[in-house]
Amino acid sequence: MRILIAQVKQETNTFCEVPTTLRTFSSSYLYFKEEIEENLKATRTEIGGFLQEIHNQGGSFIPTVAASAISGGSVVEEDYQILKQSILEPLKQEINVDGVLLSLHGAMVTDLHEDPEGDIIESVRFAIGADIPIAVSIDPHAYVSKKMLRYADIIVAYKTFPHIDQYETGLHTAKLLFETLSGKIKPVMRAVHLPMLISPEAQVDSAYPMKDVLGYGREFEKNDSVLSTSICPVQPWLDLPNIHSTIITICDENDPQAIDISKKIAAFLWEKRDAFMPERYSPEEAVRTAIHCKGDKPVALVEPFDSTLAGAPGNSVTLLKALLEQGTSVVSYITIIDPITVEQAFQFEEGSEVDLSVGVDQESLLEDTSLSIRGTLYKLKEDASFYLQATGVMEGMGNTAIIKIDHIYLVICSNAFAHQDPNSYRSLDLDISKAKIIGIKSTLHFRAFYSEHVQDILFIEGKGVSSGNFFDFNWKKINRPIWPLDEENAISTFEII
Ligand SMILES: [Zn+2]
């Protein structure tokens, strides 16, 4: 069996004004053809899972493109077309394929396409015809469109929040494709769209309510004829018409069962909606509470509204400001993305006293813009990067400067990177066990890698393009009613696809 494989993953935040380009993809990874196996085989990515299952089945594959980028603004259309054409190119040459495996995010937007994943799947379908199966793995924050559901045979989302099962999802998706090809199963996929936006801060899978919702979905999978259930609370910062969360069920040849299960899981999720409300602290309260924590481990102070993993620029100085006001006496590590300030810092020698301005003043929802700081240039590192435990690939921070202000170690990076892993600090020789406060710009994913190293996690209230307070945003295109913007949203607005 010969399988065409491809990956294009980026989560767009339509409130983010920084465009996503091929260069942005390169900061995480961007591989073509043979480079894919060379770099992603035996990694914990979906591609790692695809390749493993193809190997297990004695199949062969046609590698096309594997591109993964940090969340951000819309993808530049020209660059999207390069990625898309890389997938379609072998099909234009009339190379025979028996099946297609795609790893997509599901919440990408381009300058021209509100549903590029639907566009990719549709284009592949038109190129290969109706009979060759297409199996797709997605991030559960996908905006699963009708087009995606119409042209794919199999769509499977990760089952963990934070997402640590990318490899397993790739493997599961590939297994279902091979079982389809061998005639062992005839997958029937049915979905329910429901009008809900849920802040990722409240989606951790180890706690109520998400733990219960995922457990409810898993119960159905104990039945052999239920091949997959996917619970997809959409990436909420997408101001697009027809935005929705989605439940997908795949059953073996049983259409009514797939519909019924999707409806039941959707109703279960909907009933729990009021529990998806995270507790937040004011910046001052968070710093004060952290300083007075008695345990040996540090306290994580999280700026979810400026999460680089949710499309925010990572340049808010909200936490820094509170630390400068009342937290300079305890060791803290915090990070800000500001390439201009890094460039200025590189004009000095390590050990110099510097006066700089951090935080980028831009048209956005950020309430804190630039802040003047004075400190010692503690360290400079060109092209800093670290090993990302979630996927097993390197993540680039770009040129990085550390400014020491009393006991604050302020890490200023050039690239908006996945700020979810203590390895970002460790790679700069900052031992997180020595800090009292660790600043994190993430909503959810950091929990998988920080939880065991911190004694408490406090979310800070603030404004930014990844704020969980959806009432802060100037929504223009989104469909209404939608929860929580419209409280009395009826379950009757659920749509079966
Ligand atoms: Zn996600």
* Hey, can you tell me all the residues within region 423-437 that are under 12 Å from H453 (Cβ atoms) and part of a loop (DSSP other than H, G, I, E, B)? => D431, A435
* To do: Could you tell me whether A418 is within 16 Å of the ligand (Cβ to nearest atom), open to solvent by 40 Å² or more (accessible area, probe 1.4 Å), among the small types (G, A, S) and touching a residue at least 40 places away in the same chain (Cβ under 8 Å)?
  => no
* Structure fact -> When region 136-157 is checked residue by residue, the ones that are within 12 Å of the ligand (Cβ to nearest atom) and among the hydrophobic types (A, V, I, L, M, F, W, C) are I138, A142, A157
* To do: Give region 399-422 a look and list any residue that's over 20 Å from the mean Cα position of the chain (by Cα) and either part of a strand (DSSP E or B) or more than 25 Å from Q455 (Cα to Cα) (or both), or say none.
  => N399, T400, A401, I402, I403, K404, I405, I408, Y409, L410, V411, I412
* Structure fact -> Exactly one of E179, E201, E221 is of a type in the set (D, E, K, R) and either touching a residue at least 60 places away in the same chain (Cβ under 8 Å) or within 16 Å of the ligand (Cβ to nearest atom) (or both), and that residue is E201
* of a type in the set (G, A, S), closer than 17 Å to V204 by Cβ and either surrounded by 23 or more Cβ atoms within 10 Å (Cβ to Cβ) or within 16 Å of the ligand (Cβ to nearest atom) (or both), is that true of S442? -> yes
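Checking the conditions here, which among I248, I231, I243, I265 is away from the ligand (no atom under 16 Å from the Cβ) and either in a helix (DSSP H, G or I) or within 25 Å of I482 (Cα to Cα) (or both)? Don't jump to the end; show me each part of the working.
Values: I248 fails: away from the ligand (no atom under 16 Å from the Cβ); I231 fails: away from the ligand (no atom under 16 Å from the Cβ); I243 fails: away from the ligand (no atom under 16 Å from the Cβ).
None of the other options fit; the residue is I265.
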* To do: Looking for whichever is under 25 Å from the mean Cα position of the chain (by Cα) and surrounded by 15 or more Cβ atoms within 10 Å (Cβ to Cβ) here; the options are A290, A322, A312. Which one fits?
  => A312
* Quick one: is A384 in a strand (DSSP E or B) and either modelled with pLDDT under 95 or small (G, A, S) (or both)? -> yes
* To do: Could you check, for region 268-278, whether at least one of its residues is open to solvent by 30 Å² or more (accessible area, probe 1.4 Å), modelled with pLDDT of 95 or more and not in a loop (DSSP other than H, G, I, E, B)?
  => yes
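Considering M196, M189, which residue is under 25 Å from T45 (Cα atoms) and either more than 16 Å from the ligand (Cβ to nearest atom) or in contact (Cβ under 8 Å) with a residue 24 or more places away in the chain (or both)?
Working: M196 fails: under 25 Å from T45 (Cα atoms).
One residue alone meets the criteria, M189.
Being of a type in the set (S, T, Y) and within 19 Å of L388 (Cα to Cα) is the filter; apply it to region 158-176 and report the residue that is nearest to the ligand (Cβ to nearest atom).
Initial filter on region 158-176 (of a type in the set (S, T, Y)): 158, 160, 167, 169, 173.
Within this subset, residues satisfying the condition of being within 19 Å of L388 (Cα to Cα) are 158, 160, 167, 169.
On the way: Y158: 7, T160: 10, Y167: 15, T169: 11 Å.
Only one residue fits best here, namely Y158.
Out of curiosity, is D355 open to solvent by 30 Å² or more (accessible area, probe 1.4 Å), assigned to a loop (DSSP other than H, G, I, E, B) and in contact with a Lys or Arg (Cβ under 8 Å, 6 or more places away or on another chain)?
no
The values are calculated or read from the model by the stated rules, or taken from the named source; none is laboratory data. Given the structure is predicted, the values throughout are model-derived calculations rather than measurements. For neighbour counting, all protein chains shown are included, and Cβ atoms are generated from backbone atoms with ideal geometry for every residue, glycine included. Ligands, DNA and RNA are excluded from the accessible area calculation, which covers all protein heavy atoms including side chains. Shrake-Rupley method; radii C 1.70, N 1.55, O 1.52, S 1.80 Å.
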